[in-house]
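Trainee: One structure follows; several queries about it will come next.
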Amino acid sequence: MKFYGITFASLIIVLFLILSAGTALDETINVTFEGVDSQHKWALSDLNPELPSDWSSHGYLTFDMETSTTQKFDLQLFDANGMRRLEIWPVQGARMRASIPLIHFQERNTKGLDMASIGKVPRPGYWIHFSGEVGTITQVDSIGVMMRQPIGTQTMEISNVRLTMAAEDTIFTQEPLVDEFGQWIPADWPGKARTLEELTSAWREEEASLVNNEFNVSTYGGFLDAKTTATGFFRVEKIDDTWWFVDPEGYLFFSAGVTCMRNRCDLARVEGREYIYKELPSGEIMATAWKAGTGATSTQDNPSFYTWNLHRRFGADWFEKWIDHTMLRMESWGLNTIANWSDAALARSSRMPYVENISGWGIGPNTMGLPDVYVADYEAKVDSAAARQCAPLKDDPYLLGYFIGNEQPWPNREQELARVILEGEDIPMKTALEQYLAEGDTPERRKAFIYETYTKFLDIVNSAIKRHDPNHLNLGIRYGGMVPEEIAKASKGFDVFSINVYGYDANEKVKHAYDLTGLPVIIGEYHFGTAARGLSPWLAQVSSLEERGVGYRYYVENAAAHPALIGTHWFQWIDQPATGRGDGENGLIGFLDVTDLPYSDLVEAAKETHKRLYDVHSGSIPPVSRQAERQ
């Protein structure tokens with residue numbers, strides 16, 4: 001049964017929340033964040049006289065809150081044995097009840113394939129990013145909140161602080177928070193779409209602004225003024241002490257790419273929060289999108305508002321038109337690489353260089369992403385996976401190379417990984433570790449086993465790839481940030497060393513990687529975001545939309561000035577959903593917003609840098625010096 005488009009079940013939920021909102025609040029604590037590191041701290045008795053000091057027998061720290069920003073804040077517990085901390089990323093301008101699982105203050109998570117899956121957890125009105133600062137919670141005496149580098153002055157209201165055994169997470173609202181275009185209703189900004197007519201006019205204006213052939217590049221995006229030996233495929237070469245990609249025609253190439261170039265944004269989490277959406281895409285639209293998008297869109301349960309907007313923009317044949325429009329954008333903006341996690345049909349269109357992310361190496365979440373190379377048929381399984389994925393692509397000149405993995409979570413956590421293996425299920429890797437430690441169980445030997453296992457894994461995978469595709473580059477594993485020396489040693493079988501570097505410049509980490517490996521380096525992920533439009537800044541915050549472009553220019557040009565750096569890939573093409581993707585992330589980090597309109601400040605800045613890349617990387621001009629404002 002429906003009442004004005006709302007199901008009876010949803011109506012009951014809304015009524016429950018309204019009633020709960022009227023009874024859940026005690027005295028409210030008002031917090032203001034301003035300055036560089038803005039911190040507030042309260043004794044337990046000031047928050048709730050009934051709070052005990054020993055929290056170990058409880059399940060959740062529960063409280064009500066509302067914040068003026070999507071910027072993260074640290075939630076701190078001060079125990080007699082130290083401070084415990086989690087990062088909380090809230091939605092903006094909506095009152096919510098948060099139940100923080102206390103286990104996250106006590107133990108580091110060890111379940112997950114990579115740093116993203118092991119590092120966060122979604123909740124209905126916010127998401128949690130694990131900081132690693134954990135310990136006992138048996139002698140808690142105070143609670144604190146800290147916001148680092150708030151943009152302007154931000155506020156928070158906190159009330160009803162208590163311990164509970166069950167989770168009570170919810171969002172209190174009588175009105176929808178997300179409109180029919182996927183935009184966050186409580187926020188406002190110039191150009192926000194109010195009607196489809198306004199949006200259609202903006203789309204036409206953007207189409208008229210796109211101009212191809214602005215950049216003096218080859219068929220594959222190489223620099224026409226610089227040529228060396230052509231082989232018909234992408235390769236790397238060191239010329240006058242500077243590394244370059246070389247495109248199939250022999251032109252020097254610097255890879256300027258964007259990840260997640262898909263016909264959907266990350267799927268919005270809906271279940272249990274249906275009442276916060278003004279309207280959801282119809283099942284018919286999503287079913288049509290599923291077929292047209294080769295399975296890369298969504299279902300009614302997890303909609304993609306971006307896909308719905310593409311359907312509005314281009315009509316029934318939206319998928320083919322989306323590919324054409326995406327290619328025109330890339331040519332007009334000076335982008336030359338379809339980077340990781342992108343749509344396969346877009347990548348295989350034979351119109352732009354692309355990277356391929358391949359897998360099937362037996363990586364499981366229960367071993368922190370380390371494959372069990374000791375299973376009897378492991379090499380055969382890897383060979384089969386490489387044959388299936390590489391052999392069909394071995395003659396494609398547009399393929400830049402293969403990424404074979406992403407951000408292992410265990411480097412610098414080798415002792416935890418050894419413990420997880422020994423305490424886990426009986427698998428061949430556990431037996432191998434037990435036998436290895438029988439000759440002496442020390443932290444050093446546990447660490448040595450991890451790296452011996454990892455080296456075996458890479459040797460097997462690298463050999464299988466070259467066996468089934470001798471033509472293309474092995475771009476390796478996209479490591480997260482500053483890598484240990486042991487990782488670098490194990491990775492020397494790659495053609496290119498890949499790192500994901502979130503920050504305001506990558507210079508130190510690029511130099512570190514090159515000094516350890518001697519390999520050319522590519523940055524697989526970076527971005528700049530800001531707190532606006534109901535979205536968060538995510539991993540590298542700047543103060544405004546304009547400053548995102550400033551950050552792009554400084555980061556890319558200063559990285560490109562290093563002679564070993566041969567590519568930068570921005571994360572990601574489209575903003576994440578305002579209500580968060582599956583793991584909670586909701587960053588304003590796209591070249592495009594959810595309505596399929598570009599962020600002009602970022603685009604114009606990127607174009608200027610792309611025109612300068614050859615001269616910057618060859619050392620004939622210096623990189624820009626202006627850095628982005630962060631607050």
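The values are calculated or read from the model by the stated rules, or taken from the named source; none is laboratory data. Computed from a prediction, not measured in an experiment: that's the story for all the values here. Note that each Cβ is placed from the backbone with ideal geometry, even for glycine, and that neighbours are counted across all protein chains shown.
Trainee: Among ALA98, ALA116, ALA21, which is the only one that is among the small types (Gly, Ala, Ser), modelled with pLDDT of 95 or more and surrounded by 14 or more Cβ atoms within 10 Å (Cβ to Cβ)?
Mentor: Result of the check over ALA98, ALA116, ALA21: ALA98.
Trainee: Still on this model: Does ILE574 satisfy the condition of being assigned by TED's automatic domain parsing to the domain that holds VAL246, touching a Cys at 6+ places or on another chain (Cβ under 8 Å) and closer than 24 Å to GLU214 by Cβ? Break it down into steps so the answer makes sense when it comes.
Mentor: Numbers: assigned by TED's automatic domain parsing to the domain that holds VAL246: yes; touching a Cys at 6+ places or on another chain (Cβ under 8 Å): yes; closer than 24 Å to GLU214 by Cβ: yes.
When the stated conditions are applied, ILE574 passes them.
Trainee: Which condition from (1) crowded, with 17+ Cβ neighbours inside 10 Å; (2) over 15 Å from VAL550 (Cβ atoms); (3) more than 20 Å from the chain's Cα centre (by Cα); (4) free of Cβ contacts under 8 Å to residues at least 60 places away in the same chain is the one that ILE621 breaks?
Mentor: Going through the list (1) crowded, with 17+ Cβ neighbours inside 10 Å; (2) over 15 Å from VAL550 (Cβ atoms); (3) more than 20 Å from the chain's Cα centre (by Cα); (4) free of Cβ contacts under 8 Å to residues at least 60 places away in the same chain, ILE621 breaks only (1).
Trainee: Checking ASP179 against (1) modelled with pLDDT of 95 or more; (2) among the acidic types (Asp, Glu); (3) over 25 Å from the mean Cα position of the chain (by Cα), only one condition comes out false. Which one?
Mentor: The number of the failed condition is (3).
Trainee: Follow-up question, since we're still on this one. Of the residues that make up the stretch 182-193, is at least one in the same structural domain as PRO49 (by TED's automatic domain parsing), within 28 Å of VAL36 (Cβ to Cβ) and in contact (Cβ under 8 Å) with a residue 40 or more places away in the chain?
Mentor: There is no residue in the stretch 182-193 that is in the same structural domain as PRO49 (by TED's automatic domain parsing), within 28 Å of VAL36 (Cβ to Cβ) and in contact (Cβ under 8 Å) with a residue 40 or more places away in the chain.
Trainee: A further question follows. All but one of (1) farther than 24 Å from GLN183 by Cα; (2) assigned to a loop (DSSP other than H, G, I, E, B) hold for ASP596; state the number of the condition that does not hold.
Mentor: If we test ASP596 against (1) farther than 24 Å from GLN183 by Cα; (2) assigned to a loop (DSSP other than H, G, I, E, B), just (1) comes out false.
Trainee: Moving on. Quick one: which helices (runs of 4 or more DSSP H) lie wholly within the stretch 359-472 and hold at least 1 residues that are under 25 Å from ILE523 (Cβ atoms) and polar (S, T, N, Q)?
Mentor: Helices (runs of 4 or more DSSP H) meeting the threshold: 378-390, 443-468.
Trainee: Quick test of your reading of the structure: TYR251 fulfils all but one of (1) within 17 Å of GLY567 (Cα to Cα); (2) without any contact (Cβ under 8 Å) to a residue 40 or more places away in the chain; (3) out of contact with any Lys or Arg (no Cβ under 9 Å at 6 or more places or on another chain); (4) surrounded by 14 or more Cβ atoms within 10 Å (Cβ to Cβ). Name the failing condition by number.
Mentor: With respect to (1) within 17 Å of GLY567 (Cα to Cα); (2) without any contact (Cβ under 8 Å) to a residue 40 or more places away in the chain; (3) out of contact with any Lys or Arg (no Cβ under 9 Å at 6 or more places or on another chain); (4) surrounded by 14 or more Cβ atoms within 10 Å (Cβ to Cβ), TYR251 is out only on (3).
Trainee: For the stretch 432-456, name all the residues that are of a type in the set (D, E, K, R) and in contact (Cβ under 8 Å) with a residue 24 or more places away in the chain.
Mentor: Matches in the stretch 432-456: ARG446, LYS447, LYS456.
Trainee: Right, another one. Only residues that are charged (D, E, K, R), surrounded by fewer than 21 Cβ atoms within 10 Å (Cβ to Cβ) and assigned to a loop (DSSP other than H, G, I, E, B): list them for the stretch 323-357, please.
Mentor: Result: ARG348, ARG351.
Trainee: Which residues, taken from the stretch 442-451, are surrounded by 14 or more Cβ atoms within 10 Å (Cβ to Cβ) and more than 17 Å from ASN366 (Cα to Cα)? It would help to see each step written out before you state the result.
Mentor: Quick first cut of the stretch 442-451, residues surrounded by 14 or more Cβ atoms within 10 Å (Cβ to Cβ) only: 445-451.
Residues satisfying the conditions are ARG445, ARG446, LYS447, ALA448, PHE449, TYR451.
Trainee: Which members of the stretch 54-95 meet the condition of being surrounded by 20 or more Cβ atoms within 10 Å (Cβ to Cβ), of a type in the set (A, V, I, L, M, F, W, C) and farther than 25 Å from GLN631 by Cβ?
Mentor: Passing the criteria: TRP55, LEU61, PHE63, LEU77.
Trainee: Is there any pair with a first residue in the stretch 479-494 that is assigned by TED's automatic domain parsing to the domain that holds THR453 and a second that is at pLDDT 90 or above and among the acidic types (Asp, Glu) whose Cβ atoms are under 6 Å apart and which are 6 or more apart or on different chains, and what are they?
Mentor: Within 6 Å, the pairs are GLY480/GLU407.
Trainee: Any chance you could count how many residues in the stretch 516-532 are in contact with a Phe, Trp or Tyr (Cβ under 8 Å, 6 or more places away or on another chain) and outside any loop (DSSP other than H, G, I, E, B)?
Mentor: Residues in the stretch 516-532 being in contact with a Phe, Trp or Tyr (Cβ under 8 Å, 6 or more places away or on another chain) and outside any loop (DSSP other than H, G, I, E, B): 7 in total.
Trainee: List pairs: first residue in the stretch 325-344 and in contact (Cβ under 8 Å) with a residue 60 or more places away in the chain, second residue part of a loop (DSSP other than H, G, I, E, B) and acidic (Asp, Glu) anywhere in the structure, Cβ distance under 8 angstrom, at least six positions apart or on different chains.
Mentor: The qualifying pairs are GLU331/GLU214; SER332/GLU214; GLY334/GLU214.
Trainee: For the stretch 156-166, does any single residue satisfy the condition of being modelled with pLDDT of 95 or more and in a loop (DSSP other than H, G, I, E, B)? Explain how you work it out, then say what you get.
Mentor: Applying the first criterion (modelled with pLDDT of 95 or more) to the stretch 156-166 yields 156-166.
If we keep only those that are in a loop (DSSP other than H, G, I, E, B) as well, we get 165-166.
There is at least one residue in the stretch 156-166 that is modelled with pLDDT of 95 or more and in a loop (DSSP other than H, G, I, E, B).
Trainee: A further question on this structure: Looking at this structure, is THR568 farther than 30 Å from LYS192 by Cβ, among the hydroxyl-bearing types (Ser, Thr, Tyr) and either out of contact with any helix residue (DSSP H, G or I) (no Cβ under 7 Å at 6 or more places or on another chain) or surrounded by 24 or more Cβ atoms within 10 Å (Cβ to Cβ) (or both)?
Mentor: In short, yes.
Trainee: May I ask you to list the residues in the stretch 353-367 that are in contact (Cβ under 8 Å) with a residue 24 or more places away in the chain and either over 13 Å from HIS569 (Cα atoms) or among the charged types (D, E, K, R) (or both)?
Mentor: GLU356, ASN357, ILE358, SER359, GLY360, TRP361, ILE363, GLY364, PRO365, ASN366, THR367
Trainee: Here are some conditions: (1) within 21 Å of ASP114 (Cβ to Cβ); (2) part of a loop (DSSP other than H, G, I, E, B); (3) of a type outside the set (Gly, Ala, Ser). THR579 meets all but one. Which one does it not meet?
Mentor: (1)
Trainee: Sticking with this one: State whether the residues of the stretch 555-568 include one that is in a helix (DSSP H, G or I) and under 19 Å from GLN149 (Cβ atoms).
Mentor: Yes, the conditions are met somewhere in the stretch 555-568.
Trainee: Residues in the stretch 445-457: is at least one within 30 Å of PRO397 (Cβ to Cβ) and modelled with pLDDT of 95 or more?
Mentor: At the first step, the residues of the stretch 445-457 found to be within 30 Å of PRO397 (Cβ to Cβ) are 457.
After this cut, where a residue has to be modelled with pLDDT of 95 or more as well, the list is 457.
The answer is yes, given that some residue of the stretch 445-457 is within 30 Å of PRO397 (Cβ to Cβ) and modelled with pLDDT of 95 or more.
Trainee: From the residues in the stretch 418-431 that are without any contact (Cβ under 8 Å) to a residue 60 or more places away in the chain and under 30 Å from the mean Cα position of the chain (by Cα), which one is farthest from VAL373 (Cα to Cα)?
Mentor: Only one residue fits best here, namely ARG419.
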